[in-house]
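The values are calculated or read from the model by the stated rules, or taken from the named source; none is laboratory data. Just so it is clear, the structure is predicted and the values come from calculations on it, not from any experiment. Here the Cβ positions follow ideal geometry from the backbone for every residue, glycine too, while neighbour counts run over all protein chains shown. In case anyone asks, the SASA skips ligands and DNA or RNA and just uses the protein heavy atoms, side chains included. Shrake-Rupley method; radii C 1.70, N 1.55, O 1.52, S 1.80 Å.
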Amino acid sequence: MASKQSLTQPPASGNTLAPRTLIVDNGAHTIKAGFSSATTETNQEPNLDDCQIIANCLARSTRDKRTYVGPELLDECWDFGELAFRRPVERGFVVNWEGEKAIWERSFVDGRAKLKCDPHETNLVLTESPNAPAALQRNAGEMVFEEFEFASYYRTMAPAFNAYAPSPFPSTATSASGVPIECLLVVDVGHSHTTVTPLYQGRPFHSSCRRLEIGGKTLTNRLKEVLTRTVEVQKEDWIVQEIKEDVCFISQDFNSDIERVWKGGLKDPREIDTSIVVDYVLPDYEAVKRGFFREHDPKISRKARALGLDGPREHIVTIGNERFTVSELLFTPSDIGMQQEGLPATILQSIYSLPQGLWQPFLANILVVGGSSKFAGFMGRLESELRSRVSEDYIVRVAQAQDPVKNVWLGGARLAQNEDVLKERVVTRQEYLEHGDLWTRRRFAGKIAR
């Protein structure tokens, strides 16, 4: 992209911030975005309600022959059947900036946008995945300053902002805006993957960051694969994702639960435990706008219901062990042949790579965030497995953020609330045009002071 100087607005100086600050947590599945308008003088805390959830995708509907861009998917689409998705973020990194640009324009610049802003009068705080390649960081800088022409810009890895959000541990006092929690181990169970990041004073130990290639997308694809054996859902990504969110859970005793849903044969009189098996009613986007589940009734014929012969016309899929075998991949990736250990082992790999004197502070401050951590039973299973693998001499504390999806945004908003801290970290457009991309990346890495 060719460098160009704005002719309409003068660039912000190095000592002055633009009037508004937009915080964008650019996730693979959704963008969490909102303005941080609070100031330290008024002592107003950022509100989670100010954070908007935006679908980070372009979705083509084969039914109404329309392409939905970003926020249009959740605001204007009423039939999610057979949607074809194109996502700019793959494996946690933005690899298609043309698609991301279209989503940002519709979300932040378009006249219909709920978060409409003038980039020349806006500071941008943007997140990225840990260990992002330099080429992708350069593309981000070019998009921010040369295409959108934001007044100033700060980019950091997403887990770092969790250190600035309110602490989920009751015994830990909430720090002031712009002041990070001293020690925090962030477990981010996201859409593309799961990351484990140890933070000290908001700064990551890069050599101890770990990544597990299991996330919400993997679980959705796995559920789609097993359900396709009984019902055709190969093109129904959105519906399968809703099924996963509605009925899947983390088993506390996997072997026992498998036995409970095992159907006996002629020489095995066991019956299926119907407390686990459920019937899921698929949406038809006419009478049923969103799918729902209910207790399994073995007397109901799925084919008869589909024809409307035995009660109201419904398309039903019976879900049994899939409820917990799919989500079990987070703890045993080897079930699908992945040569990686599960989440508890990945967390301990990260901690044990640190000096031994730091093991206790991080074991006692494990924070779980990310949409894929919201499965019922997830926290109990994770804490019990960590406890069983760690010496009794250590205290293990695991907590989940109040809102696992928006917690990164909240931390970024609280950091931006402290103008002195924000001034030290942002790069203005004038500085970018003067010094270039390499200098900008070194500033964000903390290697160049203002």
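Given the conditions (1) open to solvent by less than 30 Å² (accessible area, probe 1.4 Å); (2) in a loop (DSSP other than H, G, I, E, B); (3) farther than 25 Å from residue 57 by Cα, report the number of the one that residue 233 does not fulfil.
(3)
Only residues that are under 13 Å from residue 186 (Cα atoms) and over 16 Å from the mean Cα position of the chain (by Cα): list them for segment 207-216, please.
The answer is 208, 209, 210.
Which one of these does residue 128 not meet: (1) open to solvent by less than 20 Å² (accessible area, probe 1.4 Å); (2) farther than 30 Å from residue 322 by Cα?
Of the numbered conditions (1) open to solvent by less than 20 Å² (accessible area, probe 1.4 Å); (2) farther than 30 Å from residue 322 by Cα, the odd one out for residue 128 is (1).
Out of the residues in segment 243-261 that are touching a residue at least 12 places away in the same chain (Cβ under 8 Å) and part of a loop (DSSP other than H, G, I, E, B), state the one that is surrounded by the most Cβ atoms within 10 Å (Cβ to Cβ).
248
Residue 202: in contact with a His (Cβ under 8 Å, 6 or more places away or on another chain) and either open to solvent by less than 70 Å² (accessible area, probe 1.4 Å) or aromatic (Phe, Trp, Tyr) (or both), yes or no?
no
Which of (1) over 30 Å from residue 399 (Cβ atoms); (2) in contact with a strand residue (DSSP E or B) (Cβ under 8 Å, 6 or more places away or on another chain); (3) part of a helix (DSSP H, G or I) is the odd one out, the single condition residue 163 does not satisfy?
Exception for residue 163: condition (1).
Would you mind telling me which numbered condition in (1) without any contact (Cβ under 8 Å) to a residue 24 or more places away in the chain; (2) open to solvent by 10 Å² or more (accessible area, probe 1.4 Å) residue 240 fails?
Every listed condition holds for residue 240 apart from (2).
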